[in-house]
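Every read-out reported here was derived from the displayed coordinates using simple, explicitly stated rules and does not represent laboratory data. Nothing here was measured: the structure is a model prediction, and the numbers come from that model. FYI the Cβ positions are ideal-geometry reconstructions off the backbone, even for glycines, and counts take in every protein chain you see.
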C-alpha cells in the first residue's frame, strides 16, 4: 500500500474551526518582518515583561531560593537576599517536600490553596474553602478544563460577550459546543445590555440550543470595562433565572484605572445578595499571576474557585485535573506569593509597594495616553480603558478601504492592521479576532509599551492612520 | 420566571460532558485515597497501624522520595529567575562559573531577558535550537527548531495530538496494553476508540507485529479508522527497552498501514542494562532511509524522569516531523491556545538536552550525581526484580528501563472469590491488602490493562537505598501471609 500522509482534510473538524487571532496571522507576519530586521512593537498580547516591565523583586528572590535550596545553607545568603525572602522560601519549601521538582497534588499544593482562600476571604469578606480551589498552569488551562466538563455536544451553548478574548470561542469550537453571543454596547462604554442578552438566549433556544453557562470577563478583554455592582447583580439574577453556570474571568482584577467602578468579585456580590440565590447560583471564578501588576505570564500560574458546585461534580472536575498530574510548582509558588504579598512592617514591603504602585500608576497613565492618542486620529473613536491591559479603538474605514481589502481577500480590519504593521512595526490584533458588530471594525492593542515610548508610538500610529484615511477617503466626500 | 429547582441546577453530575464521566477513576483512585486517609491517621496517632509510614510506590515522583536534584540545573534556574544575582561579585563564590555562564547565555536567548513573559507558543526559539542540537547529537540526524513544541510536561502534547487526529468515535488509536492512563484518559476525553495491542509478556514485553496487525484488522473490520500507533519506549509500566529490529518493524508497519507513529520516549535516559541501548524512533526511521516525506512521527520527551526527575516543573517537548504545512499550522494553532509552556520548564528541558560537558567546572560533580542516581535506580530495580521473582506465584520481567517493575501474580481461586465478594477486582484487592498490612502503595495492573485473567501491579523503583531492605522485608511478610490465607 502506498503511503498517504495525513492531510488537512483528515483532521478533527473541531480543530479546523478553531480561530485564535491573538497569535495568528498578524503575529506571524510581525515575526517574519522582525526576522527580516524590521523593528516590531508587539502589542498583540498582554505580555508586560516582554515590553520592558520589570518583574517584582520579592517574588523572584523567593522563587530563586526555592529553585536552589542549597543557597539557604550558604553563609553568604543573607548578603544577597533579605531575611523575609529567605523566610518565605523556607515556608514554601516546607509546603513542597521534595522541592520544586516533585509533583504536587493535582489540585495544587494544599498550603498555597489555603493562601488563595485567605486572600479571597480578605478581599470579599466571606470565607472560602481551599478544597474548592484548583491551581492550574495558567488560567487558560482552567477555562479549558471547565468548558470541557460542561459541553456535551453541539446543542450546548455558552453565552460569551462580544467582543471577547478568543480563548472562549476557540475552546467552545474545540469541544464541539455552540457559542451564543451577547453584544456589549460600545456607545455605553462597552456596557452590558441585558435586553440584547435575553434576545440572544431566546434566539438560540428556538434553534434547539440549551444554554449551559455565561462567561463574563471583568475587567473586560479586549474592552476594558469594569462591571458595576448593579451589573453583577443583574447578571447573577439572570443566571439564577435561566439556570446558567457563571464563568467569571477576573484575571484583570488588579488592573483598574478609574475610581467610579472599583473591582468587585462576582462571588462577593452573590453572597451579598443573600437568600436562596446565594446558595444556588453556580459560579466558577478564574485568576492568574500573568496580569495585574505582576505580569508573570511565563510562569503559567492560575487558579479557579468553584462556588455552589455539588461535590460529585467537583469530583469529576478533579478527574480532569488529575490527568495532567500536577500544575507546575514554581507557578504555584508565584500564586501563593501574589495571594500573600509582603505586608507593612516586612523588610521587603517598602520596595514591593513602590514597585507595585509605580507599575499601576504608569498603566493608568498609559491607558489615558492611548485613549487620547486614538481619539485624536481621523475616523478613530476609542472608549476609555477602564481596566485590563488593552485599548480597543473603533476604526471607521472608508468604503474604498473596505473594497480594496475585500478584493485582496482580507477582512477590512485585517487589511488595515497589516498595513499598519508594515508602515510602523506596530503589531496589533484586528477586531475580527474578538468579534464585533457586522460592519464595525476595531483593533486591539495593549497599553504595555514603555511609557517613554508611548508618545512616539501614538504619533507613528496617527501619521499612518491619517494618511491611510486620506488615501482611501471616499471620493464622494471631495 | 421562577428559577429551576436546585436539583436541576446547571452543573450536576447528570449534565456533565459524558466523556468526562467516562474517565476512569484516576490513579487507581480508591487506593490513593485510602493511602491518603491512612497517612492522615498515622500523623494524628502514630500507633494506628503496624507500620509507621506510608511507602508510596504508586507514582514516579523522585524528588518526593529524597532524590536530590542536579545542582548545576538548579543553579542555572535560580540565576534565570533572579538575574540581579549576576550583578554581584559575591555570586561568584556561591555559584559555579559555568552555571553563571549558562544562565547568561540563556537569558540572552530570551527576548528582553524576560523570563516572566510569554514566549513564542512553540517555546523560546533559542531554547528550541539548543534542544534541536541536543536531539541531533543524540541521534546523528538533523533536527530543526521549528519541529519542536515545548510543553508543560508530556500530558498536554498527548491531548493535542489526540484532539488533532480524532474526529469522532469511529477514529481509533492503537494503544499498548498495558499502558498508562494518560493515553487511555486522553482517548476517552476525545471520544476516540482505543484499539488495544498486547505487549508480549513472555517475550520481555516486546511489540509483536502480528498482534498489531491482528488488532488493527479487527478494528478496521468494525468500521474504525485507525489513525495512529502509540509506542512507549522505554515502557511504562512494563520497563522494556525495545530492540532495534523491533523498532524497525514498527516503523515499517506504520508506513505500510498509514499510521502516525506516536513515540513516547520520556524514559530515554532511564536504561539499566548494558545489553540494550535507547534508540529514538526518529533515529531508527532516518537510519532506514525514511525522511520527512516518508513517515509521520511525533516524539515526546520530558524533564520528569531520567536522572533529573523534575516532574513538578512540567517541562517537555514534542518533535513533530513528517506532516505537511497545512497540518502543521493546525498543530501550531492548538498549541497557541495555551499561550506557551512555563519558561522555567523550557529552560530545564534545554539543560537536560545540553548538560555540562567534559572540561566544564560542574562536569565532574554532575557526572557523579547522574551516575549515582542511575546506579541507585538500577540497583533498586534489580533488588525488586529478584525479590518478586522469589515470591510464590509471582514473576517479574527485568526492568531494563523506565521507573517501574510490573510483576505478574497468579492469584488463587480463593483470592479471586474473596475479591469478588467485596466487589473489587482481584489485583485491586491484593493492592489494598498490601497497603493495609504494610503501608506500601502500588498500582494494580487493571489501571493499565492486562491480558484478561492475568493480574499485575506496578511498583516504582525509587526507594531510597536505606529503605529498600525494609520494603522487601515487609512485602515478603505480607505476600507469604496472603498466599497462606488464600491457599486453594
*Just the number, please: percent antiparallel of the DSSP beta bridges in the range B:148-283, rounded to the nearest 5.*
5
*asked:* With n ≥ 4 as the cut-off for DSSP H runs, can you work out [θ] at 222 nm for chain A, using -39500 (n - 2.57) per run divided by the number of residues, rounded to the nearest 500?
replied: -13500 deg cm²/dmol
*With N residues in the protein assembly as shown, what two-decimal value do you get for its Cα radius of gyration over 2.2 N^0.38 Å?*
0.94
*Just report the Cα centroid separation between the range B:43-58 and the range A:421-478, whole Å.*
65
*In the range A:1-70, how does Rg compare with the Kirkwood Rh, expressed as the Rg/Rh ratio over alpha carbon atoms?*
1.22
*Report, in degrees rounded to the nearest 10, the 0 to 90 angle that the Cα long axis of helix A:194-206 makes with the longest principal axis of chain A.*
80
*With labels modelled as points extended 7 Å from the Cα through the Cβ direction, what inter-label distance (nm, one decimal) is found for residue B:45 paired with residue B:208?*
5.2
*Using Cα atoms only, what is the angle between the long axis of helix A:329-339 and the major principal axis of chain A, expressed in degrees (0 to 90) to the nearest 10?*
90
_Whole-number D in µm²/s for the range A:348-450 (Stokes-Einstein; Kirkwood sum over Cα pairs; 4 °C, 1.567 mPa s)_ = 86
*Could you calculate, for the range A:95-339, the ratio of the Cα radius of gyration to the Kirkwood radius, expressed as Rg to Rh?*
0.95
*Whole-Å semi-axes of the range A:50-116's equivalent ellipsoid, largest first, each the root of 5 times a Cα gyration tensor eigenvalue?*
21, 17, 11
*Gyration tensor (alpha-carbon) shape descriptor, chain B, a/c threshold 1.5*: rounded
*Where a ≥ b ≥ c are the square roots of the eigenvalues of the C-alpha gyration tensor, would you call the range B:429-483 rounded, which needs a/c under 1.5, or, failing that, prolate if a/b is larger than b/c, or oblate?*
oblate
*Take the alpha-carbon positions of the range B:198-342, form their convex hull, and give its projected area averaged over all directions (one quarter of the hull surface) in nm².*
10.3
*Let me see the pair-distance distribution of the range B:394-488: every alpha carbon pair, 5 Å bin width, integer percents in order.*
2, 13, 22, 28, 19, 10, 4, 1
_So for chain A, averaging the separation of alpha carbon pairs under 8 Å that are six or more residues apart and normalising by length, what relative contact order in percent results?_
21
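Counting helices only, and only those DSSP H runs with n ≥ 4, report the 222 nm mean residue ellipticity of chain B as the sum of -39,500 (n - 2.57) divided by its residues, in deg cm²/dmol to the nearest 500.
Working: 17 runs with 211 residues, N = 488.
The per-residue figure over chain B is -13500 deg cm²/dmol.
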*Give the share of C-alpha pairs in each 10 angstrom bin for chain A, from 0 to the last occupied bin, in whole percents, shortest bins first.*
4, 18, 28, 26, 16, 6, 1, 0
_Antiparallel bridges, percent of DSSP beta bridges restricted to the protein assembly as shown (to nearest 5)_ = 50
*With a ≥ b ≥ c taken as the square roots of the eigenvalues of the C-alpha gyration tensor of the range B:109-353, please select rounded if a/c is under 1.5 and otherwise prolate if a/b is larger than b/c or oblate if it is not?*
prolate
*Note the angle between two axes, namely the Cα long axis of helix A:83-95 and the longest principal axis of the Cα atoms of chain A, as a number of degrees from 0 to 90, rounded to the nearest 10.*
80
